[in-house]
Amino acid sequence: MILYPAIDIRGGQAVRLLQGDYKRETTYDADPVDAAARWAGEGAEFLHVVDLDGAKAGEPWNLDAVRRIATAVECPVQVGGGLRDPESVAAVLDAGAERVVIGTAALRDPDFLADALKRHGERVVVSVDARNGKVSLSGWTESSDVDVADAVADLSRRGVARFLCTAIEVDGTMEGPSLDELNRIAAATDAQVIASGGVGTLDDLARLTRIGAPNIEGAVVGRALYEHRFTVGEAIEALGR
């Protein structure tokens, strides 16, 4: 299982939100490149970058930061936040991202998703974020009545090969991942699933490896790394890498 250290960018800084609330923000690095270099220096195999400004605006806002991160580290980077048209996807890939993470537009614009999958294949990750088992949209600012497992099953039939699934209730809390919900989502698809939200201890990671569904391929970790609960190297070891 792969560790994905998280770098969430807002206002040009590396921050973390608590339960997806933009009003409950903690700033950790004035320059997100510092966070990227730190995680890569500790052995990260892949970085997960979110443009929070872009997620709210519906278009990339922090391309310069993405470009500088991709230049500063040797490990690949996946980037999401506001990617809702072909030009935005191309801009992020041109900035050096190995993968793009598409959220809201994947559910609302089938033609856009089909085009992105045709052009970029497995470089496309679809983010399906859930609050109380229902899909949340537009940077977690809008709720829906769509069951998250049903959404994943439908997107799988449309050719999505990798999902990023975030349980918003536990995101940033370090109270442990929603394993039952993650396994329910993973059971709805044969695609790879990246788990996000709630990891606070090495035991959380070990449990994810031990009892998580076989197609859960990795875990995004943010606040626990920033607050020195464990190192990247310790997390990688806990995940059995």
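Just wondering, is there one or more residues in region 89-96 that are over 17 Å from Asp51 (Cα atoms) and more than 18 Å from the chain's Cα centre (by Cα)?
No, because not a single residue in region 89-96 is over 17 Å from Asp51 (Cα atoms) and more than 18 Å from the chain's Cα centre (by Cα).
Scan Leu164, Leu205 and give me the residue that is buried (at least 21 other Cβ atoms within 10 Å of the Cβ), touching a residue at least 24 places away in the same chain (Cβ under 8 Å) and under 23 Å from Gly103 (Cβ atoms).
None of the other options fit; the residue is Leu164.
Exactly one of these conditions fails for Leu107: (1) modelled with pLDDT of 95 or more; (2) more than 27 Å from Gly12 (Cβ to Cβ). Give me its number.
Going through the list (1) modelled with pLDDT of 95 or more; (2) more than 27 Å from Gly12 (Cβ to Cβ), Leu107 breaks only (1).
Of the residues Ala186, Ala195, Ala213, which single one is surrounded by fewer than 23 Cβ atoms within 10 Å (Cβ to Cβ) and in contact (Cβ under 8 Å) with a residue 12 or more places away in the chain?
Going through Ala186, Ala195, Ala213 in turn, just one is surrounded by fewer than 23 Cβ atoms within 10 Å (Cβ to Cβ) and in contact (Cβ under 8 Å) with a residue 12 or more places away in the chain: Ala213.
I need every pair where a residue in region 58-79 that is over 19 Å from Arg123 (Cα atoms) has its Cβ under 7 Å from the Cβ of a residue that is surrounded by 24 or more Cβ atoms within 10 Å (Cβ to Cβ) and among the aliphatic types (A, V, I, L, M), sequence separation at least 6 or different chains.
Asn62/Ile9; Ala65/Ile9; Ala72/Ala36
Among the listed residues Gly218, Gly159, Gly240, identify the single one that is outside any helix (DSSP H, G or I), in contact with a helix residue (DSSP H, G or I) (Cβ under 9 Å, 6 or more places away or on another chain) and either crowded, with 16+ Cβ neighbours inside 10 Å or free of Cβ contacts under 8 Å to residues at least 60 places away in the same chain (or both).
Gly159
For residues that are open to solvent by less than 30 Å² (accessible area, probe 1.4 Å), farther than 15 Å from Met174 by Cβ and either out of contact with any strand residue (DSSP E or B) (no Cβ under 9 Å at 6 or more places or on another chain) or modelled with pLDDT under 95 (or both), tally how many sit in region 221-237.
0
Go through region 142-156 and give me each residue that's open to solvent by 50 Å² or more (accessible area, probe 1.4 Å) and of a type in the set (Gly, Ala, Ser).
Ser143
Are there any pairs with C-beta distances below 8 angstrom linking a residue in region 98-122 that is under 21 Å from Asp190 (Cα atoms) to a residue that is modelled with pLDDT under 95 and surrounded by fewer than 20 Cβ atoms within 10 Å (Cβ to Cβ), with the two at least 6 apart or on different chains, and if so which?
Filtered contacts from region 98-122: Gly103/Leu137; Leu107/Leu137; Leu107/Val146.
I'd like to check which helices (runs of 4 or more DSSP H) are fully inside region 17-122 and have at least 2 residues that are open to solvent by 30 Å² or more (accessible area, probe 1.4 Å) and more than 29 Å from Glu237 (Cβ to Cβ).
In region 17-122, the matching helices (runs of 4 or more DSSP H) lie at 52-57, 63-72, 86-94, 104-108, 110-120.
Residue check, Val128 against (1) out of contact with any strand residue (DSSP E or B) (no Cβ under 9 Å at 6 or more places or on another chain); (2) not in a helix (DSSP H, G or I), all met but one. Which one?
In the conditions (1) out of contact with any strand residue (DSSP E or B) (no Cβ under 9 Å at 6 or more places or on another chain); (2) not in a helix (DSSP H, G or I), Val128 misses (1) alone.
Identify, from the list Gly139, Gly200, Gly176, the residue that is modelled with pLDDT of 95 or more, more than 18 Å from Gly43 (Cβ to Cβ), part of a loop (DSSP other than H, G, I, E, B) and open to solvent by less than 60 Å² (accessible area, probe 1.4 Å).
The conditions single out Gly200.
Can you name every residue in region 12-48 that is in contact with an Asp or Glu (Cβ under 7 Å, 6 or more places away or on another chain) and either modelled with pLDDT of 75 or more or of a type in the set (Val, Ile, Thr) (or both)?
Gln13, Ala14, Val15, Ala35, Ala40, listed by residue number.
The values are calculated or read from the model by the stated rules, or taken from the named source; none is laboratory data. Just so we're clear, the structure is a prediction, and the values are computed from it rather than from any experiment. Counting neighbours? That spans all protein chains shown, and the Cβs are built from the backbone with ideal geometry, glycine included. The protein model used for the area step is the full one, side chains on, heavy atoms only, and it has no ligands, DNA or RNA in it. Shrake-Rupley method; radii C 1.70, N 1.55, O 1.52, S 1.80 Å.
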